[in-house]
Amino acid sequence: MSIPRVLNRKNRILLAELTKTDFKLRYQGSVLGYLWALLRPLLMFAILYVVFAKLLKIGGDIPHYPVYLLCGTTMWSFFTECTAQGIQAVVNRGDLLRKISFPKYIVVVSATLTAIINLLINLVVVIIFALINGVDFSWSWFLVIPAIAELYLLSLGIAFLLGSINVKYRDITSIWDVFVQALFYAIPIIYPISMVADTSTLAAKIILLNPIAQAIQDIRFALITHETITTWNYLGNIFLPFIPILMTLALLFFGAFVFRKKSKFFAEEV
Amino acid sequence: MKRQTGTRTEIQTSNDIAIEVKNLHKSFRLPTEQAFGLKQALFNRLRGIKGYTEQKVLKGLNFNIKKGEFVGIVGRNGSGKSTLLKIIAGVYYPEKGEITIDGNLIPFIELGVGFSPELTGRENVYLNGALLGFSNEEIDEMYDDIWDFAELKQFQDQKLKNYSSGMQVRLAFSIAIRAKGDILLLDEVLAVGDAAFQQKCSDYFTNLKNNNQTVVLVTHSMDNVRNFCDRAILIEDGKITANGPANEIADQYLKLFS
């Protein structure tokens, strides 16, 4: 499958139209409509902020902690939405796969693009919060782009891999739901990584080898404060920080490979 | 678990064969005793059970369709007609055999693919159009014609769930007939709408026939076979049992039921 064929005119039209439809349908029938794309992560942030920052008094020594937390939850919501929608995409669009012939990856990409649109809306909110909270603009803000790209490619890899297995074994959706819950606590979103580092440097280093943790810490570093502990400045080795990136790429290529192989039979199995 | 697959090739030449099917086989794996789910799959593997039964649907089909021919495919329910059409359309993979398609193929396995009840008629036109390969600009141009043909203009901003099923099919048909291709694959799309609309559909097919459009039509209506088809192919239990002039095949088909 060469690039020109993958992105030919017909496929581009299809991708754009399916993404638009996904986005429209997501909030159909709700009074607040698209506003939920903003409200959901903000409300989640509010809960976490009250519980962890106010009641448990975590993160007191981190500058701009509320924004720091919001930034983490926003990225986490993006990751969970992207993977959940991506894994379900083939099954959800089964009616199309059974009736017309088109490259199957389009349904997965269109489902994840909806998550990207939501992320972009939320990122605007994060930036507004940051400015209100007294964070100054810096050119390093643009470093969030590669970090978000990494997080997206990772989600896409997971969606391709698990999505193609999910066609036959629908358990995957439930397993992933639980796994994501566990993963949430393995990533420094509500707790600062410095808390872990205080007790065990090794544990902190292992956590930072997780691509999601790496991407989120990079985004906080770029957007909020250069005091953020990142994979790059904490592991103390030039080569180790590339491990999460390699993991992401490996998962993406493996996922795409499995998806491509299995996609021949989606139409009859879904 | 390795599954053999046949080949399906699309080419563009000036030869006079539009579709060539050689020794086409297809079987489906039907899961037994709820082989869905990981637990069952694991158990089945441990017990050495395959977890599915193989159902042979197509058992070695051979035929050609010439450019400009209007060919009907007939047969009882479950004989494999729709599976054949889906394999030609590229929705299913051939298990064994070779299919060569010469020209741009437009398949209508079902009308209104992707129609979403929660969207308005207008939004569905653009969505369904995109699935047929039309850009937004192209739809803009034919938008009024689509609604005029469907005679539903006053409902264009209503949600599709408020349309009657007949209205939905009329809208879908109106979009579908805009598609231009060298070869049309049609599965049971004639029987839609009321008498007036039926007449329109009939005119559309007459028009296709007069323009020497290559058409493969899967149908149960022998009137349509006699009226439009040059030739027909009778499929029984996954095999071609007759292939010849439309009238003869229509008679033979009707004998199956007597």
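For the range A:69-123, which residues satisfy the criterion of being among the acidic types (Asp, Glu) and away from chain B (no Cβ under 14 Å)?
So in the range A:69-123, the residues among the acidic types (Asp, Glu) come out as A:81, A:95.
The answer is A:Glu81, and nothing else.
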- Item | Residue, modelled with the highest pLDDT, within the range A:51-63, restricted to residues that are of a type outside the set (Gly, Ala, Ser) and open to solvent by less than 60 Å² (accessible area, probe 1.4 Å) | A:Val51
- Query: Is there a residue being out of contact with any Ser or Thr (no Cβ under 8 Å at 6 or more places or on another chain) and either surrounded by 14 or more Cβ atoms within 10 Å (Cβ to Cβ) or more than 30 Å from B:Ile109 (Cα to Cα) (or both) anywhere in the range A:1-9?
  - Reply: no
- Starting from residues that are within 19 Å of A:His64 (Cα to Cα) and β-branched (Val, Ile, Thr), keep the ones in the range A:109-129 and report whichever is least open to solvent (accessible area, probe 1.4 Å). A:Val126
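Which fully enclosed helices (runs of 4 or more DSSP H) of the range A:130-224 have 3 or more residues being within 30 Å of B:Pro31 (Cα to Cα) and either open to solvent by 10 Å² or more (accessible area, probe 1.4 Å) or not charged (D, E, K, R) (or both)? I'd like the intermediate steps shown before the answer.
Details: elements: A:144-166, A:171-185, A:193-199, A:201-208, A:211-223.
Answer list for the range A:130-224: A:144-166, A:171-185.
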- Mind checking whether some residue in the range B:24-32 is in a strand (DSSP E or B), open to solvent by less than 10 Å² (accessible area, probe 1.4 Å), among the charged types (D, E, K, R) and modelled with pLDDT of 80 or more? yes
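Does B:Leu105 meet the test of being of a type in the set (A, V, I, L, M), open to solvent by 10 Å² or more (accessible area, probe 1.4 Å) and facing chain A (nearest Cβ under 10 Å)? I'd like the intermediate steps shown before the answer.
Numbers: of a type in the set (A, V, I, L, M): yes; open to solvent by 10 Å² or more (accessible area, probe 1.4 Å): yes; facing chain A (nearest Cβ under 10 Å): yes.
Yes.
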- Message: Testing B:Asn77 on (1) over 24 Å from A:Asn166 (Cβ atoms); (2) surrounded by fewer than 16 Cβ atoms within 10 Å (Cβ to Cβ); (3) within 11 Å of another protein chain (Cβ to nearest Cβ), one condition comes back false. Which one is that?
- Response: (3)
- Item | Residue under evaluation B:Glu110, criteria (1) of a type outside the set (S, T, N, Q); (2) in contact (Cβ under 8 Å) with a residue 24 or more places away in the chain; (3) open to solvent by 70 Å² or more (accessible area, probe 1.4 Å); (4) more than 10 Å from every other protein chain (Cβ to nearest Cβ), criterion not met | (4)
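Return a yes/no flag: does the range A:106-126 have any residue that is closer than 18 Å to A:Glu17 by Cβ, over 18 Å from the mean Cα position of the chain (by Cα) and not in a helix (DSSP H, G or I).
no
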- For the range A:50-61, state whether one or more residues are of a type in the set (Lys, Arg) and in a helix (DSSP H, G or I). yes
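Sort out which residues of the range A:96-108 are open to solvent by 10 Å² or more (accessible area, probe 1.4 Å) and within 15 Å of A:Asn11 (Cβ to Cβ), and write them in order of number.
Kept after step one, since they are open to solvent by 10 Å² or more (accessible area, probe 1.4 Å), are these residues of the range A:96-108: A:98-105.
Correct list: A:Ile100, A:Ser101, A:Phe102, A:Pro103, A:Lys104, A:Tyr105.
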- B:Asn44, sole failed condition from (1) within 30 Å of B:Ile240 (Cβ to Cβ); (2) at pLDDT below 90: (1)
- Message: Among the listed residues B:Gly90, B:Gly68, B:Gly97, identify the single one that is away from chain A (no Cβ under 14 Å) and closer than 30 Å to A:Pro103 by Cβ.
- Response: B:Gly97
- The condition from (1) within 22 Å of the chain's Cα centre (by Cα); (2) surrounded by 16 or more Cβ atoms within 10 Å (Cβ to Cβ) that B:Glu98 misses is numbered (2)
- Note on the structure: Within the range A:225-252, residues open to solvent by 30 Å² or more (accessible area, probe 1.4 Å) and closer than 14 Å to A:Glu150 by Cβ come out as A:Trp232, A:Phe242, A:Ile243, A:Ile245, A:Leu246, A:Met247, A:Leu249, A:Ala250, A:Leu251
- Determine which single condition A:Thr228 fails, assuming it passes every other condition in (1) among the hydroxyl-bearing types (Ser, Thr, Tyr); (2) part of a helix (DSSP H, G or I); (3) under 19 Å from A:Phe45 (Cβ atoms). (2)
- Query: What is the number of the single condition among (1) assigned to a helix (DSSP H, G or I); (2) away from chain B (no Cβ under 14 Å) that A:Thr21 does not meet?
  - Reply: (2)
- Task: Residue by residue through the range A:11-50, note down the ones that are buried (at least 18 other Cβ atoms within 10 Å of the Cβ) and under 15 Å from A:Val109 (Cα atoms).
- Result: A:Ile13, A:Leu14, A:Leu15, A:Glu17, A:Leu18, A:Thr19, A:Lys20, A:Thr21, A:Asp22
- Does the range A:16-39 contain any residue that is within 30 Å of A:Tyr191 (Cβ to Cβ), in contact (Cβ under 8 Å) with a residue 24 or more places away in the chain and either in contact with a Leu (Cβ under 8 Å, 6 or more places away or on another chain) or not polar (S, T, N, Q) (or both)? yes
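The values are calculated or read from the model by the stated rules, or taken from the named source; none is laboratory data. Model, not experiment: these values are computed from the prediction. Virtual Cβ from ideal backbone geometry, glycine too; neighbours counted across all protein chains shown. For accessibility, only protein heavy atoms count, side chains too; no ligands or nucleic acids. Shrake-Rupley method; radii C 1.70, N 1.55, O 1.52, S 1.80 Å.
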